[in-house]
Amino acid sequence: MKELIDLALGQGFTHAAALDPAALTVREEVRAMCAADKCRAYGRNWTCPPHCGTLEECGARIAGMSGGLLVQTVGQLEDSFDFETMAETERLHLADFYALADLLREKKPGVLCLGSGGCRLCKSCAHPEPCRFPERACASMEGYGLLVNEACEAAGVPYYHGKNTLAYTACYLFPAE
């Protein structure tokens, strides 16, 4: 696990820590937040609910994993209106997330990559047409019913980093070898 943590930190993440999939709980109330469709992706993105699977299917995928890695990118904002840093932090996090996902797919076949928010490989999802990159597309932690703060707590990584900070969190779950 130390090698994976070092790999993630070298990729550019602010924090990386081991995550036990058994400590994760899928929650109906999180999936209900997705169904409220505030992000405008529910039913419009192949990696978001309901297309990412039922809560039971998502829970079964997580339960089939034996180890995990939680990663986080933290941005320091000048103030609560620092939209430029917010956008840059998200851009950096997504670039690092997908780059590490590609590396981990080679090292750990069957890895389940769960990002912060729905898949963003494409400017707009091809839905309802077939996914352009099904081998690289990643669902979100929330779409799988996970509370990000609980995942952070399970990995020993702070969820909140203080005033004028913004954190993007994702995880990679690994099947038994």
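The values are calculated or read from the model by the stated rules, or taken from the named source; none is laboratory data. No experiment lies behind these values; they were computed from the predicted model shown. Here the Cβ positions follow ideal geometry from the backbone for every residue, glycine too, while neighbour counts run over all protein chains shown. These area figures cover heavy atoms from the full protein model, side chains too; ligands, DNA and RNA do not enter into them. Shrake-Rupley method; radii C 1.70, N 1.55, O 1.52, S 1.80 Å.
Considering the stretch 150-177 alone, what residues qualify as being modelled with pLDDT of 95 or more, touching a strand residue (DSSP E or B) at 6+ places or on another chain (Cβ under 9 Å), outside any strand (DSSP E or B) and within 25 Å of residue 57 (Cα to Cα)?
Of everything in the stretch 150-177, those that are modelled with pLDDT of 95 or more, touching a strand residue (DSSP E or B) at 6+ places or on another chain (Cβ under 9 Å), outside any strand (DSSP E or B) and within 25 Å of residue 57 (Cα to Cα) turn out to be 151, 152, 154, 155.
Find the residue count for the stretch 111-123, including only residues that are at pLDDT below 95 and over 16 Å from residue 148 (Cβ atoms).
5
Restricting attention to the stretch 18-66, report how many residues are open to solvent by less than 70 Å² (accessible area, probe 1.4 Å), within 18 Å of residue 94 (Cα to Cα) and of a type outside the set (Ser, Thr, Tyr).
3
Any chance the stretch 98-105 includes a residue that's at positive phi and either buried (at least 20 other Cβ atoms within 10 Å of the Cβ) or in contact (Cβ under 8 Å) with a residue 24 or more places away in the chain (or both)?
Checked the stretch 98-105: no residue is at positive phi and either buried (at least 20 other Cβ atoms within 10 Å of the Cβ) or in contact (Cβ under 8 Å) with a residue 24 or more places away in the chain (or both).
Among the candidates 73, 85, single out the residue that is within 24 Å of residue 163 (Cβ to Cβ), crowded, with 21+ Cβ neighbours inside 10 Å and in contact with a Leu (Cβ under 9 Å, 6 or more places away or on another chain). Even if it seems obvious, please write down each step before you answer.
Details: 85 fails: crowded, with 21+ Cβ neighbours inside 10 Å.
Of 73, 85, the one residue that is within 24 Å of residue 163 (Cβ to Cβ), crowded, with 21+ Cβ neighbours inside 10 Å and in contact with a Leu (Cβ under 9 Å, 6 or more places away or on another chain) is 73.
If I ask for residues that are over 16 Å from the mean Cα position of the chain (by Cα) and not in a helix (DSSP H, G or I), which ones from the stretch 4-23 would you list?
Once the filter is applied, which keeps residues that are over 16 Å from the mean Cα position of the chain (by Cα) and not in a helix (DSSP H, G or I), the stretch 4-23 yields nothing.
Having 1 or more residues that are touching a Phe, Trp or Tyr at 6+ places or on another chain (Cβ under 8 Å) and farther than 20 Å from residue 147 by Cβ is the bar; report the helices (runs of 4 or more DSSP H) wholly within the stretch 24-109 that clear it.
Per the criteria, 83-107.
Pick from 151, 126, 139, 155: which is buried (at least 21 other Cβ atoms within 10 Å of the Cβ), over 13 Å from the mean Cα position of the chain (by Cα) and among the small types (Gly, Ala, Ser)?
155
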